[in-house]
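Written out below as structure tokens is the structure these notes cover.
The values are calculated or read from the model by the stated rules, or taken from the named source; none is laboratory data. The structure presented is a predicted model; accordingly, all values stated were derived computationally and were not measured. So basically every Cβ, Gly included, is an ideal-geometry build from the backbone, and we count neighbours across all protein chains shown.
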């Protein structure tokens, strides 16, 4: 259990997989998220050595979640859009101090 | 006579120090993340500058209502902007309360904002710029 009431999950997937990622997160309790388009960079040498190709077009799915759901959602994302899937996704969580603007009944500043 | 004057001057300096103590450590920084409708991005970027925010990053984004849901509800606009602002810890709470008020009062201004603690920054000049604090 984190010391922070909320955490923000960033899930970086190949373009076109944000909906799959969001569906996986919703199954584990997430209410919604925001999708940002981005471009990834890769070390060409590492691609050759490991025999993989990194797609440059990415989508970042940003999901604000109450602490307690983070682990389930990260596991769900790993299963549906993890590195070994077509989504080639990675996900991580950052602590969130305070939140405003959520529907009433949620933590405030 | 000179000794008394010097003593008075030194006492005056001491009392000034006690009444307005300088913080021992420079204030920490936080990352303020604000998600709003894209048409309101410029407005919120401007509002946040009033909180000693010198660096902001604004990104085009989209809300995650599915296509079917959007068609069903007649929603046409899930276009969002995500604003990353670097803000001093001592201005963060005030900024969040201000944003919360704006989310409820500005037409189409509904949004979400939250802060993420930052653990470090390299460079005194960069820190002073990001914190708008000359120490």
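Is there a residue being at pLDDT 95 or above, more than 12 Å from every other protein chain (Cβ to nearest Cβ) and either surrounded by fewer than 19 Cβ atoms within 10 Å (Cβ to Cβ) or not in a loop (DSSP other than H, G, I, E, B) (or both) anywhere in the range B:65-85? Scanning the range B:65-85 turns up at least one residue that is at pLDDT 95 or above, more than 12 Å from every other protein chain (Cβ to nearest Cβ) and either surrounded by fewer than 19 Cβ atoms within 10 Å (Cβ to Cβ) or not in a loop (DSSP other than H, G, I, E, B) (or both).
Of everything listed in (1) under 19 Å from residue B:64 (Cβ atoms); (2) away from every other protein chain (no Cβ under 13 Å); (3) at pLDDT below 95, the single unmet condition for residue A:103 is (2). Put simply, of A:87, A:68, A:51, A:16 the only residue that is at positive phi and either within 14 Å of chain B (Cβ to nearest Cβ) or touching a strand residue (DSSP E or B) at 6+ places or on another chain (Cβ under 8 Å) (or both) is A:16. Among the residues of the range B:86-126, those identified as at pLDDT below 90 and either out of contact with any strand residue (DSSP E or B) (no Cβ under 8 Å at 6 or more places or on another chain) or within 14 Å of chain A (Cβ to nearest Cβ) (or both) are B:119, B:120, B:122, B:123, B:124, B:125, B:126. Only a single criterion out of (1) outside any loop (DSSP other than H, G, I, E, B); (2) loosely packed, with under 15 Cβ neighbours inside 10 Å; (3) within 12 Å of chain B (Cβ to nearest Cβ) is not satisfied by residue A:32, namely (1).
Taken over the range B:91-135, the residue count meeting the criterion of being within 26 Å of residue B:25 (Cα to Cα) and in contact (Cβ under 8 Å) with a residue 60 or more places away in the chain is 16. Across the range B:93-116, the number of residues qualifying as in contact with a helix residue (DSSP H, G or I) (Cβ under 8 Å, 6 or more places away or on another chain) and more than 22 Å from residue B:62 (Cα to Cα) comes to 3. Scanning the range A:8-24 for residues that are crowded, with 24+ Cβ neighbours inside 10 Å and over 21 Å from residue B:113 (Cα atoms) turns up A:13, A:18, A:21, A:24.
Given the conditions (1) within 14 Å of another protein chain (Cβ to nearest Cβ); (2) at positive phi, report the number of the one that residue A:94 does not fulfil. Of the numbered conditions (1) within 14 Å of another protein chain (Cβ to nearest Cβ); (2) at positive phi, the odd one out for residue A:94 is (2).
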